[in-house]
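What follows is a short report on a single structure.
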Amino acid sequence: MTNPNLSIQDLETVYDTLAESIDAAGPERETLFLTKLTLLMAREIGDAERVLALIASAQKDL
Amino acid sequence: MHQPTTTPRPSIYYDYRIYPFETAPEQRGEERRHPIVIVGAGPIGLTTALELARHGVASVLVESECQVSEGSRAIVFTRRSMEILQQIGVTDRMLETALPWRFGNSIYRGKRVFRMEAPQDDDDRFAPMNNLQQQYLEQYLIERVQQEPLIEIRWGTKVTGINNGDQGVRLDVDTPEGPYSLEADWLIAADGARSVVRQLEGLRLEGDSYSGNFVIADIRIDIDRPTERLAFFDPDWNPGNTILMHREPGGIWRLDYQLPADEAPEQALAPESLRKRIQAQLDMIGVNAPWELDWSSVYSARALTLPDYLHGRVLFTGDAAHLLPIFGVRGANTGFQDCQNLAWKLAYVVQGLADRRLLETYSHERVAAAREIIAEAGKSTRFMAPPSRGFRLLRDATLSLSLSESFVGPLFHWRTSRPHDYADSPLNVPMDDNIAFGAGPANGAPLQNLRFGENDYLFDHLPAGFCLLYFTDAPTLPAELAAQVEQLKAKGLPLDVLTISRSGEHQPVGLQLADHNGHCFNRYGAQSGSAYLVRPDQHVCGRWKQLDFDALPRLLDRALLKQEES
């Protein structure tokens, strides 16, 4: 279902869009925006175990 | 000297009447030994007394006040509660006034983002929810008690001390004519959240308190909306918080809103504070009608239970035993299940049909139920009253998504009070055919109601004691089985057979019911000769594809815990 590798171009597109979206949301709303995005992506992945593993990855080195 | 007020409580719609104190026999020098004394004449205490009477056991209710409770308090009664209350004969009266309903709505930014429909089957007599103010329910229960010679209510009688001994309980009370003591074999504490009995016994509740206070306020107002639960999330006038609205009989509406974290209850109940917030809520939903406040109160969410409901000769039930999370109408509805479970067991112990070990199952079964409720309601609390920044973010993200995405809908699901399965109860018969059934209530579960015809349901016919539900293709039950049951009854064992016949050749009468199209057989996974053994609280404790009649005495002994467990 998922493409395990984003091309470098796509990675950069996602990178830029995320940054700009966080700016557009503004400091008051940026966390809400990212939380919503996480839920939407979790639903897209459709596999709780994979999502929990991704949460664990993101928790490293905070 | 205990001087309860004899002035009727103020209300804009309910006429409180005073039940006067009467000099007790003990105060006239008469000696009395009571089999059972119940402390507290709220809905649970009254239901306990009526249940005990249904099993033929007398009780004395001791109540500190001289009138019913102040305010509407518990207003939503579930189907299971109605089924329980039906057995003590108050539901006809309730339904003259109560408002039945099934639908719940979650609203965010003026949009309904989730609608919940509680299931209603043709086989159910009662609606999933029924709204009625607690004063009315208490009044109807008291009217029923007044018709029941086995029950005595002592008004204006306040508990001051207790001696919980091996041979009995001595209860010290104070009254307008001074103190006296009652001697009882058993004491039931049904005296609510701030139970005096619990305090006197030095018992502590275990669990958590959630932060967050809530105001409940009843107003009289004409709002042209159906009887459905309304939950408003994060409104502008109460940012981040949740407001619930419920319709009550008589043009009364309940508002239930969360307070800001730093606000004291006294502040919240100040008239101007109430007026402003209630008006803000009405403005938000576009209601322009005049209104009047009847009653208001502040409460907080707790999740606490005693670890054991049996202490010597004292038993705890209802809010005296546990304080449950508010979400999901779990207060009184859990209490009814508690006291129905308790009453038959205590009645049979008092009547010498069983020993104290049967009472211990009350505690095991209902403490487990309380713990299950606490865990389940915790999930609702995370959504309705988020306890941390993280939970608040997720809740807010869900609210925002709900405006455009349907997949988050289930997160709004309103878990409500439901009956419990006593699947691990020692009263369940082992080695029966429980797992062989493809349908029907399993051991530990309550009976499913069945519709036999117009205004005619299974629960209308249940006997007071154990019930053997027997399915047959013959017009009547087999003579052999009838003889077995007669023998057991002759020994004083509380068992009746309710026959469900598919034969079509007989007239249904008394405990013989007719299943015209096989529907009941199907719902219960039965064939001709199948049987369910049902406890007096309508929970199944054994079921057989083909009942061996000779085993019946042994099965009943097991359900009363009369055999030693191997």
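Side notes on the structure shown:
- All positions within region B:8-29 that are of a type in the set (V, I, T) and closer than 12 Å to B:V68 by Cα: B:I18
- Hey, B:A385 open to solvent by less than 30 Å² (accessible area, probe 1.4 Å), out of contact with any strand residue (DSSP E or B) (no Cβ under 8 Å at 6 or more places or on another chain) and of a type in the set (A, V, I, L, M) or not: no
- Scope region B:110-119; condition open to solvent by 70 Å² or more (accessible area, probe 1.4 Å) and either modelled with pLDDT of 95 or more or part of a strand (DSSP E or B) (or both); matching residues: B:K111, B:R112, B:R115, B:E117
- Scanning region B:242-264 for residues being free of Cβ contacts under 8 Å to residues at least 24 places away in the same chain and exposed (fewer than 13 other Cβ atoms within 10 Å of the Cβ) gives a total of 2.
- If you filter region B:457-513 down to residues that are under 30 Å from B:T91 (Cβ atoms) and basic (K, R), you find that the one that is surrounded by the fewest Cβ atoms within 10 Å (Cβ to Cβ) is B:K489.
- Taking the numbered list (1) out of contact with any Lys or Arg (no Cβ under 9 Å at 6 or more places or on another chain); (2) open to solvent by less than 30 Å² (accessible area, probe 1.4 Å); (3) at negative phi in turn, B:I153 passes all entries but (2).
- Restricting attention to region B:204-217, the residues being farther than 16 Å from B:T381 by Cα and either surrounded by fewer than 20 Cβ atoms within 10 Å (Cβ to Cβ) or without any contact (Cβ under 8 Å) to a residue 60 or more places away in the chain (or both) number 3.
- Every residue from region B:166-203 that is acidic (D, E), touching a residue at least 24 places away in the same chain (Cβ under 8 Å) and under 18 Å from B:R154 (Cα atoms): B:D174, B:E177, B:E183, B:D185, B:D191
- Restricting B:R109, B:R73 to those that are basic (K, R) and under 22 Å from B:F412 (Cα atoms) reduces the list to B:R109.
- Sole residue being outside any strand (DSSP E or B), on the phi > 0 side of the Ramachandran plot and of a type outside the set (K, R), chosen from B:G240, B:G212: B:G240
- Matching residues in region B:232-241 - criterion: being in contact (Cβ under 8 Å) with a residue 12 or more places away in the chain and under 22 Å from B:Y210 (Cα atoms): B:F232, B:F233, B:D234, B:P235, B:N238, B:G240, B:N241
- Selected residue (only one of B:L203, B:L255 is closer than 20 Å to B:I326 by Cα and either modelled with pLDDT of 95 or more or of a type in the set (A, V, I, L, M, F, W, C) (or both)): B:L255
- Some residue of region B:376-390 being touching a Pro at 6+ places or on another chain (Cβ under 9 Å), basic (K, R) and either free of Cβ contacts under 8 Å to residues at least 60 places away in the same chain or within 14 Å of chain A (Cβ to nearest Cβ) (or both): no
- For region B:515-551, a residue qualifies if it is assigned to a helix (DSSP H, G or I) and not basic (K, R), and the qualifying residues are B:H519, B:C520, B:F521, B:N522, B:F549, B:D550, B:A551.
- When region B:401-418 is filtered for residues that are within 30 Å of B:H539 (Cα to Cα), crowded, with 21+ Cβ neighbours inside 10 Å and either touching a strand residue (DSSP E or B) at 6+ places or on another chain (Cβ under 6 Å) or at the interface with chain A (Cβ under 10 Å from one of its Cβ atoms) (or both), only B:S417 remains.
- Test: B:I18 is farther than 20 Å from B:G156 by Cβ, open to solvent by 40 Å² or more (accessible area, probe 1.4 Å) and hydrophobic (A, V, I, L, M, F, W, C): no
- Selection within region B:71-94 - in contact with a Ser or Thr (Cβ under 7 Å, 6 or more places away or on another chain), buried (at least 24 other Cβ atoms within 10 Å of the Cβ) and touching a residue at least 60 places away in the same chain (Cβ under 8 Å): B:T78, B:L85
- Of the helices (runs of 4 or more DSSP H) lying entirely inside region B:265-368, the ones with 2 or more residues being open to solvent by less than 10 Å² (accessible area, probe 1.4 Å) and aliphatic (A, V, I, L, M) are found at B:271-284, B:331-350.
The values are calculated or read from the model by the stated rules, or taken from the named source; none is laboratory data. No experiment lies behind these values; they were computed from the predicted model shown. Cβ sites come from the backbone with ideal geometry, for glycine too, and all protein chains shown count toward neighbours. Only protein heavy atoms, including side chains, enter the accessible area calculation; ligands, DNA and RNA are left aside. Shrake-Rupley method; radii C 1.70, N 1.55, O 1.52, S 1.80 Å.
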